[in-house]
1. Would you list B:113, B:57 from fewest to most Cβ contacts within 10 Å?
2. If you rank A:65, A:48 by fewest surrounding Cβ atoms within 10 Å, what's the result?
3. What whole number of Å gives the distance from the Cα centroid of the range A:1-49 to the Cα centroid of the range A:146-200?
4. In nm to one decimal, list the spacings between the residue B:43 label point and its equivalents in the other copies, with label points set 7 Å along Cα to Cβ, shortest first.
5. Can you give me the orientation-averaged projected area of the convex hull built on the Cα atoms of the range A:69-192, in nm²?
6. Just want the ordering: B:155, A:127, B:125, from fewest to most Cβ atoms lying within 10 Å of their own Cβ.
7. Label position 7 Å from Cα toward Cβ: report the copy-to-copy distances for residue A:193 in nm, one decimal, ordered from shortest.
8. If each residue of separation counts as 0.36 nm, what is the full-extension length gain between residue A:102 and residue A:84 once their alpha-carbon separation is subtracted?
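Since every read-out is calculated from the coordinates, none of them should be taken as a lab result. Keep in mind it's a predicted model, so treat the numbers as computed, not measured. Here Cβ is always computed from backbone atoms with ideal geometry, including for glycine, and neighbour counts include all displayed protein chains.
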DNA sequence: TTTGTTTTGCAACGACCACTGCAAAACTAA
DNA sequence: TTAGTTTTGCAGTGGTCGTTGCAAAACAAA
């Protein structure tokens, strides 16, 4: 009996990256299977046999985004320095990444949030869970800062994390609406003026 | 020759309000003509003869939103008090309006921003223009404050207006994701800590 | 009643949607 | 060569999309 079958003519990773860029640019519901197949340079039957259906492909693309181009929300908080420095670095990186010319503007996760409608509740839930994970990363970083006396004990970690996330999500919409990199930079900088005890 | 024809069986304003609520809830692309017609309790032919096509109906619904339920972004800035008071009032009203139980959560204008795709560029432009109008209202209020020595002369009015709008848009996404009214209230309050010279 | 005007109900249009069936193609192992 | 396995190309599925045509219905003026 034989083992290998007909070899596939395309790279799985590359095709997934292409799909991600398309979903990122146009959103889940406005990206058609035929658009995807054409951009990925494969047939729809190959698409289905390789990635399952449209929802699975989207979720896999979303996870690729989170672990790749969108991973800065996690990684920028992990390097050294104070919590304020961490989030300053996060906003700076975000301003840069959200306005790059070689990829869609804005954050794929944020832009996916209001996109779904009836019948797609499962996807809505999946997106929300990933968003919540990101927020939890903020919370954990702030809680650590509190333990390390890097933040005053009276600070509401939950609230501060939410505010920072709110700012970041707003920046995504601004980027999608055409805001410039330098403008986003200044917005992030200004937001950090609300940091507990930020000003002299 | 006769003047009047067959009288219409429905109220134009009421039907438009119904359409607005549907668009607000599900977005432009995910609201079908049949869904609209059924909710408005009219036939599709009546819908087309009364409102033109789907895009015109959406734009009319959007303007109804702006002049009605979404009008607080303008009106709350017009009453007396300092500029800081104005925006504090704006955020408070927003927190209340974005989380009301008797209407869709979030701001219809903000949620419409990332919704459109290829072929709908005209609509995208129309939405962006209305968003820009709103931002301009912020700017004007801040410019007035500067003239009235209510804001220090070194303040970047453009930037502050953008930051406040960014926060408001972020709050819309948070509301859509299920954030509570009191939580949004606190987020708005915290954002205003970034106001020039806000803290003692 | 007749004529003119407007709305209504209903059915249909072509275009697109996500998705699948099927057989030929392209490989590996025997 | 042969048998077994997997992918590919392509056509086609039923369903839904926004939009329209048409004739009957319901009114006002002549």
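1. B:113, B:57
2. Fewest-to-most ranking of A:65, A:48: A:48, A:65.
3. What the calculation gives is 37 Å, centre to centre.
4. Label point to label point, same position, other copies: 4.5 nm.
5. Computing the convex hull of the Cα atoms and averaging its projections yields 8.0 nm².
6. Listing B:155, A:127, B:125 from fewest to most nearby Cβ atoms yields B:125, B:155, A:127.
7. 1.4
8. That pair, residue A:102 and residue A:84, stretches by 3.5 nm at full extension.
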